[in-house]
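Chemist: Input: one structure, supplied below.
The values are calculated or read from the model by the stated rules, or taken from the named source; none is laboratory data. As the structure is a computational prediction, the values presented were derived from the model and not from experiment. No Cβ is skipped: glycine too gets one built from the backbone with ideal geometry, and neighbour counts run over all protein chains shown. Keep in mind that these areas ignore ligands, DNA and RNA; they rest on the heavy atoms of the full protein, side chains included. Shrake-Rupley method; radii C 1.70, N 1.55, O 1.52, S 1.80 Å.
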Amino acid sequence: MAKINISDNIFAFVPITTQTILGSHVQGKANFMALGWLTRINFKPPMLAICVNKGNRSCDGILENKQFSINVPSKDMVAVTDYTGLVSARKTDKSGLFEVFYGQLEAAPLIRECPVNVECRVVESVELPTNYCFIGEMVGVHADEEALTDGAPDPDKVKPFVLSMPDNRFWALGECVGKAWQEGKGLKQD
Ligand SMILES: Cc1cc2nc3c(=O)[nH]c(=O)nc-3n(C[C@H](O)[C@H](O)[C@H](O)COP(=O)(O)O)c2cc1C
């Protein structure tokens, strides 16, 4: 099968990412924005990296407070998640959109409606041409009881959705196709 060079689309391209809602404090008030650019980057202590455009008010808030939250919405929250990415705290107060609670970090507002919430303390801020990459240590994780199986978030219950780019579409998870660190074992030679 031929490989097609699609580098012209490279600006908009990301592999599929989990769609989340970033929480921060902007001028002392909770603020939320849709965030698709995040990944786990360290095992112990657990760390996440998020990439936030310098033009977003959330970026200013995180630079100021060095704290943020990652909230995982379920698929019935597609519209409100998208909305947080369409309007900015510059013009619109998003603090009342959700029921907010706090864990141990005072500037990392957590969204009660989201089944999973992570509190992060910034350990490094990397300035890139258009974005900041914030590396956050995960200092607390909260989850709805109904979203857990054996004490861990269960994707079947959390019902997260993912973002594809450049087509800019949200997708629900499909079927489970295998167990990681297991399925390949039969192919090992030794
Ligand atoms: C689906 C979706 C995903 C987004 N992902 C990101 C992202 O990963 N990083 C980012 O800087 N902006 C992202 N945005 C844009 C911000 O959410 C948007 O600019 C928002 O209005 C910023 O709000 P604020 O100024 O209140 O911080 C995304 C927007 C949408 C709709």
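Chemist: Give the residue, chosen from 173, 110, 97, that is within 16 Å of the ligand (Cβ to nearest atom), among the aliphatic types (A, V, I, L, M) and under 18 Å from residue 19 (Cα atoms).
Modeler: The conditions single out 97.
Chemist: Could you check how many residues of the stretch 31-78 are within 22 Å of residue 99 (Cα to Cα) and in contact with a helix residue (DSSP H, G or I) (Cβ under 7 Å, 6 or more places away or on another chain)?
Modeler: Total meeting the criteria: 8.
Chemist: Restricting to the stretch 65-92, and then to whatever is polar (S, T, N, Q) and in contact (Cβ under 8 Å) with a residue 12 or more places away in the chain, can you tell me which residue is nearest to the ligand (Cβ to nearest atom)?
Modeler: 88
Chemist: Mind checking which residues of the stretch 2-19 are within 26 Å of the chain's Cα centre (by Cα) and in a loop (DSSP other than H, G, I, E, B)?
Modeler: Correct list: 13, 19.
Chemist: Do we find that residue 137 is of a type outside the set (Lys, Arg), in contact with a Pro (Cβ under 6 Å, 6 or more places away or on another chain) and open to solvent by less than 70 Å² (accessible area, probe 1.4 Å) in this structure?
Modeler: Answer is yes for this residue.
Chemist: Now for a separate question. Only one of (1) of a type in the set (Val, Ile, Thr); (2) surrounded by 15 or more Cβ atoms within 10 Å (Cβ to Cβ); (3) in contact (Cβ under 8 Å) with a residue 40 or more places away in the chain; (4) out of contact with any Lys or Arg (no Cβ under 6 Å at 6 or more places or on another chain) is not met by residue 122, so which one is it?
Modeler: (4)
Chemist: Go through the stretch 138-167 and give me each residue that's assigned to a loop (DSSP other than H, G, I, E, B), within 16 Å of the ligand (Cβ to nearest atom) and either among the small types (Gly, Ala, Ser) or free of Cβ contacts under 8 Å to residues at least 60 places away in the same chain (or both).
Modeler: Within the stretch 138-167, just 167 meets the criteria.
Chemist: Out of all the residues in the stretch 1-60, which are surrounded by fewer than 16 Cβ atoms within 10 Å (Cβ to Cβ), within 16 Å of the ligand (Cβ to nearest atom) and farther than 23 Å from residue 169 by Cβ?
Modeler: Across the stretch 1-60, the qualifying residues are 27, 28, 29, 40, 41, 54, 55.
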